[in-house]
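Remarks on the structure that follows.
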Amino acid sequence: MFVIRRDSMFTQLDAYKEQLPSGNDIREPIHCHMQTSEPNRRIASPHFHDAIELLYSFSGRARVFVSGQPFLMEKGDLVIINSNEVHAIWGESGEKVEYLVIKLDPEVLYSTSRSIFESKYVFPFTMSKSSPQTLLKSGEMASTVIPATIAKINDEFSHKDYGYDFAIRIHICTIFLAVLRHWRQSGISVGTESINDSDFQLMRQVFQLLESHYATALTAKQAAATCNLSYSYFSRKIKSITGRSFTELLNYIRITEAEKLLTTTDLSITEVAVSVGYSSTSYFIQHFKQAKHLSPLRFKKRLQQSVFDKNETFLS
């Protein structure tokens, strides 16, 4: 009989990038679903995606392969999969496998603060190629708020009361904070130790510059000059610290501000583009599509329709 070993049936070469849903719907930054499977079968083939993914087991046993390494996830365990890490899942023998899947866009963590003092806490989840600790066992989490917070997320997701998506975002931040504190208390390195005080001072200056000048024709060369650094050194340093170029950081903030204007004002697309620093409407639309996977106009219309539908639901 030909037997395929579970630790070799999944290879990095088999991995595919998980595609975004088709159509022009607004991509939700947080997605939750309950995954169930019979034992002794493949649950998920090797794949990767931009989202950070959390798996929390409620029953059964599953072998989770992350970046080629196998981890046995049992009841009460938490698995952390960083952005673009190849992963696959196999249901082990025993009872039915059931676990909660939480996928979040890295910007959910970034958008909680654009200050370097808080961004340093999300670096282990957004910059690292892998989590400092992929599998957290139920025993080591027993004294933390993680199990209770997972239960709150599952409850919010199940009932979908008004504001549930906002509540889930808050609970997710609570989980990541609890994980960071657990790592620190356990002596697990989170990778930010290599960022020294001078790096933090540089990034504080850069973040302040971005906050105050994103609506202007700001360039990396101008930013480097403001920081009294050569353009080449400045560019390399920003990339090494944040994992993003200065221009990527600038565009991220501009698109974030554009979202606010599209959501809260009646400005035209051209007016929004100019307000956040783009001299060309077409260039703004191009960047917005890259970040949000739909045009600014479609984003505004879909958001308005979504709000209308929710209000109709909760008022009826």
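The values are calculated or read from the model by the stated rules, or taken from the named source; none is laboratory data. All figures in this text were calculated on a predicted structure; none of them were measured in a lab. Note that we place each Cβ from the backbone using ideal geometry, even for glycine, and neighbour counts take in every protein chain shown.
Structural remarks
- Search result, residues across the range 252-268 that are within 18 Å of Val108 (Cβ to Cβ) and in contact (Cβ under 8 Å) with a residue 40 or more places away in the chain: Tyr252, Ile253, Thr256, Glu257, Glu259, Thr263
- Helices (runs of 4 or more DSSP H) fully within the range 171-272 that include at least 1 residues being farther than 30 Å from Gly139 by Cβ and touching a His at 6+ places or on another chain (Cβ under 7 Å): 246-264.
- Some residue of the range 280-300 being of a type in the set (D, E, K, R) and either in contact with an Asp or Glu (Cβ under 7 Å, 6 or more places away or on another chain) or closer than 28 Å to Lys237 by Cβ (or both): no
- Unique match (being under 30 Å from His33 (Cβ atoms) and surrounded by fewer than 18 Cβ atoms within 10 Å (Cβ to Cβ)) among Ile153, Ile188: Ile188
- Some residue of the range 72-87 being at pLDDT 95 or above, in a loop (DSSP other than H, G, I, E, B) and either over 20 Å from Val179 (Cα atoms) or under 16 Å from the mean Cα position of the chain (by Cα) (or both): no
- Residues of the range 106-130 classified as under 24 Å from Phe65 (Cβ atoms) and modelled with pLDDT under 75, total: 7
Yes/no matrix, rows are residues, columns are (1) farther than 15 Å from Leu104 by Cα; (2) modelled with pLDDT of 90 or more; (3) among the aliphatic types (A, V, I, L, M); (4) in the same structural domain as Gly91 (by TED's automatic domain parsing):
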{"residue": "Arg27", "(1), (2), (3), (4)": "no, no, no, yes"}
{"residue": "His31", "(1), (2), (3), (4)": "no, no, no, yes"}
{"residue": "Ser37", "(1), (2), (3), (4)": "yes, yes, no, yes"}
{"residue": "Arg41", "(1), (2), (3), (4)": "yes, yes, no, yes"}
{"residue": "Ser45", "(1), (2), (3), (4)": "yes, no, no, yes"}
{"residue": "His49", "(1), (2), (3), (4)": "no, no, no, yes"}
{"residue": "Val64", "(1), (2), (3), (4)": "yes, yes, yes, yes"}
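- Tyr214 out of contact with any Pro (no Cβ under 8 Å at 6 or more places or on another chain) and farther than 21 Å from Glu107 by Cβ: no
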